Amino acid sequence: PGVTSKMLVKFGENDIKTVDDLAGCATDDLVGWTERKEGGEPIKHPGILDANETSREDAEAMIMQARVKAGWITEAELAPPAVPAPEEATQPQA
C-alpha cells in the first residue's frame, strides 16, 4: 500500500527489485537523513524517495508491510500491544 509507479521506478533504479529488497531497507534509505558534525553545517543525505516527498511514517509503513509480505514478521507482530485493563480496586480484608 502507498507505493506509486514513480516509486517503483526509483526502487528499480536503486536495485530494489523484490519485496525482500524493500523489506531490507531502513527508513533512512528511503527518505534520507541529516548528519550533524560538531562545529560544521548539517549534511543532508538524500534517500531513494526523497524527491517524491515521502514522509518517514509512510516509508516505515511500506517497509513494514514488505516485511510482512516477505514473511519476516506477522501482522500480529505489527499490531500495537494490548493495553492491560486497570486492576480492580481491592477491598481490605477484615
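The values are calculated or read from the model by the stated rules, or taken from the named source; none is laboratory data. What you see is a predicted model; the values in this text were computed from it and never measured. Cβ coordinates were reconstructed from backbone atoms using ideal geometry, including for glycine residues, and neighbour counts include every protein chain displayed. Side chains included, ligands, DNA and RNA excluded: accessible areas come from the protein's heavy atoms. Shrake-Rupley method; radii C 1.70, N 1.55, O 1.52, S 1.80 Å.
Key figures for this structure:
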quantity	calculated
Meets criteria (among the polar types (S, T, N, Q) and either surrounded by 14 or more Cβ atoms within 10 Å (Cβ to Cβ) or touching a Lys or Arg at 6+ places or on another chain (Cβ under 6 Å) (or both)) for THR4	no
Long-range neighbours under 9 Å by Cβ, at least six apart or interchain, first residue without any contact (Cβ under 8 Å) to a residue 40 or more places away in the chain within region 10-24, second among the β-branched types (Val, Ile, Thr) and surrounded by 15 or more Cβ atoms within 10 Å (Cβ to Cβ)	PHE11/VAL3; PHE11/ILE48; GLU13/ILE48; ASN14/ILE48; ILE16/ILE48; GLY24/ILE16; GLY24/ILE63
Filter result (among the hydrophobic types (A, V, I, L, M, F, W, C), open to solvent by 60 Å² or more (accessible area, probe 1.4 Å) and either in contact with an Asp or Glu (Cβ under 7 Å, 6 or more places away or on another chain) or assigned to a helix (DSSP H, G or I) (or both)) within region 7-48	LEU8, VAL9, VAL19, ILE43
Hits in region 33-64 - residues which are among the small types (Gly, Ala, Ser) and at pLDDT 90 or above	GLY47, SER55, ALA59, ALA61
Among (1) at pLDDT below 90; (2) within 14 Å of the chain's Cα centre (by Cα); (3) β-branched (Val, Ile, Thr) - the single one THR4 does not satisfy	(2)
Which numbered condition ALA26 fails, given (1) within 17 Å of THR4 (Cα to Cα); (2) at pLDDT 90 or above; (3) not aromatic (Phe, Trp, Tyr)	(1)
Conditions (1) assigned to a helix (DSSP H, G or I); (2) at pLDDT below 90; (3) more than 19 Å from ASP15 (Cα to Cα); number of the one not met by VAL68	(2)
